[in-house]
Amino acid sequence: MKRRLLLIPAALIALFLDAFVLPSLSNNGIRPLFTLCLAMAATAATAVQDGMLIAIFGGLLTDLFCNPYLGLSAAAYLVAVVIVYGFTRKKEHARGLLILFALVGAAAAEAIIYVFSLAIGARFDAHRLLTAALPSIVLEALLTYPLAALYRSREKGSSFYQ
Amino acid sequence: MRKLWKNRPMWIALIAIILLVVLAGFTANGSGTKDGLFRTALSPVAEFLHTVESEVADFFVRVFTPSELREENAQLKETVLLQEQKLALLDETEKENARLSELLNFTEANPNLRFVTASVIGRDSNPYIDTITLNAGSRSGVTEKMAVITPDGVVGRVSEVGPNWCRVKTMCDDKMRISVMVQRTRDEGMLGGLYETDGELVGTYLYYLPGKADVRTGDTIRTSGIGGFFPKGLYVGTVIAVNEEGKGTHDAVVSMDIDFLHLEEALIVVGVDEAIG
């Protein structure tokens, strides 16, 4: 339980980075979503419930602070959490595969946001997809692994790293 | 796969995803009033976090930027600020120069009048600006009841004088009256009172023209010199409406060209060598 409490400050720091710091530091639109990374890492390292909580509340707060559509980020993060959980729940995979699972999860989250944007009339921007979205997805996948490892070092009974 | 869907968290997640997408669609349609309320309630928190973010960003800038660069940046900022101030001053001086040139041209065109140029240093707060304060007073030879004019027309009359200031009752004062004439016909009358439409000052009334006076829209109105306060021939305004109904009321409405709200300089007529007109 104590370990789980660590998720609260971690989620708040991730939210702060996502909503306030990274937008001003992002290079060419490339910016990993720390809340998404944390949600996927928590899912892999502890339990899907933790990942879901971070995805829902972190996503909603991110939307409230800096996105026009309330709930979209939360839904996208939740999809990523479900995908990572689907891959990791049997705990039979090599640790390094988490990067691949996170890549799929982050890509699905990005796809949800992209499809939603197109549905409400945004223009398809292949250039942005290739130069900003894809590098961001890769960064998110790469960041998820150390976050999960960091959490694993503090959490016994991990569902992924047993 | 079946086991996965028997899993309760998965169902919860699925339902949550659907609900969240619906919520996003709801806010995308612009009908999320409660969403707006949430955002409004969170705006102080967002402001605070933005402040923290800029402090954090400044910290990193301080850490990663060499001190010479920081100093150079500070010097450049100071230089830019100074240049901006100079530009603003230059712009102001240019505008003042244009206004004063206009006044100078006017004084040169009226060699028989002696003027004191004064700047407006005070204005009544009411919308019609019925009193203004100028920065010239008795030390400059200004006395009460002197005429105050601009190239655009008569401003008013000095009502109070201090050593280095004077107050002027403008033509926007409802009780102000001056003797005028129609330039084309030389018919004399009295100008005063405020003509308003929808709460906006449009002009002043022209009274007491002779019975057979022929006044038309577009006629120029000048001071007649009667009464001695205003020298003869000063431009006052233009007739914009003629009262065709006849007796008992005004004869015409005269609009004034002066923008009393933005008046910055004026000429006080301190002496007349001979009449003009």
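From the Cα trace of the range B:149-193, what convex hull volume per residue do you get, rounded to a whole Å³? Walk me through the numbers on the way to the answer.
Numbers: hull volume 4.0 nm³, N = 45.
Hull volume normalised by residue count: 88 Å³.
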Can you list residues whose amide H is under 5 Å from B:V155's amide H, if they're 5+ apart or on another chain and H is modeled 1.01 Å from N?
B:V148, B:I149, B:T150
Protection proxy ranking, peptides A:97-109, A:52-64, B:215-227, average beta carbon neighbours within 10 Å, highest first
A:52-64, A:97-109, B:215-227
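How compact is the range A:2-152 by the rule of thumb for globular proteins, expressed as Cα Rg over 2.2 N^0.38 Å? Show your work: numbers first, answer last.
Working: Rg = 14.4 Å, N = 151, 2.2 N^0.38 = 14.8 Å.
After normalising by residue count via 2.2 N^0.38 Å, the value is 0.97.
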Separation between Cα centres of the range B:214-272 and the range B:188-212, rounded to whole Å:
9
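If you take each beta carbon of peptide A:119-126 and count the beta carbons of other chains within 10 angstrom, what is the mean?
1
How well do other chains shield peptide A:57-69, expressed as the mean number of their Cβ atoms within 10 Å of each residue Cβ?
Partner-chain Cβ atoms within 10 Å, mean over residues of A:57-69: 4.
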Given the range B:181-255, what whole percent of its Cα pairs are spread farther than 15 Å?
50
Find the Rg to Rh ratio for the protein assembly as shown, where Rh is the Kirkwood radius over alpha-carbon pairs and Rg uses the same atoms.
1.34
Taking the Cα atoms only, what angle lies between the long axis of helix A:97-119 and the longest principal axis of chain A, rounded to 10 degrees?
30
Hey, what angle do you get for helix A:34-45 against the long axis of chain A, alpha-carbon based, 0 to 90 degrees rounded to 10?
30
Taking neighbour counts of Cβ atoms within 10 Å as a proxy for exposure, in what order, fewest first, do B:E94, B:E102 appear?
B:E94, B:E102
Å³ per residue of the Cα convex hull, for the range B:114-272?
103
What is the Cα coordinate range of the range B:119-181 on the first, second and third principal axes, sorted by size from largest, in whole angstrom?
32, 29, 22
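Since every read-out is calculated from the coordinates, none of them should be taken as a lab result. These figures come from a predicted structure and were not determined experimentally. Every residue, glycine among them, receives a Cβ derived from its backbone with ideal geometry; neighbour counts consider all protein chains shown.
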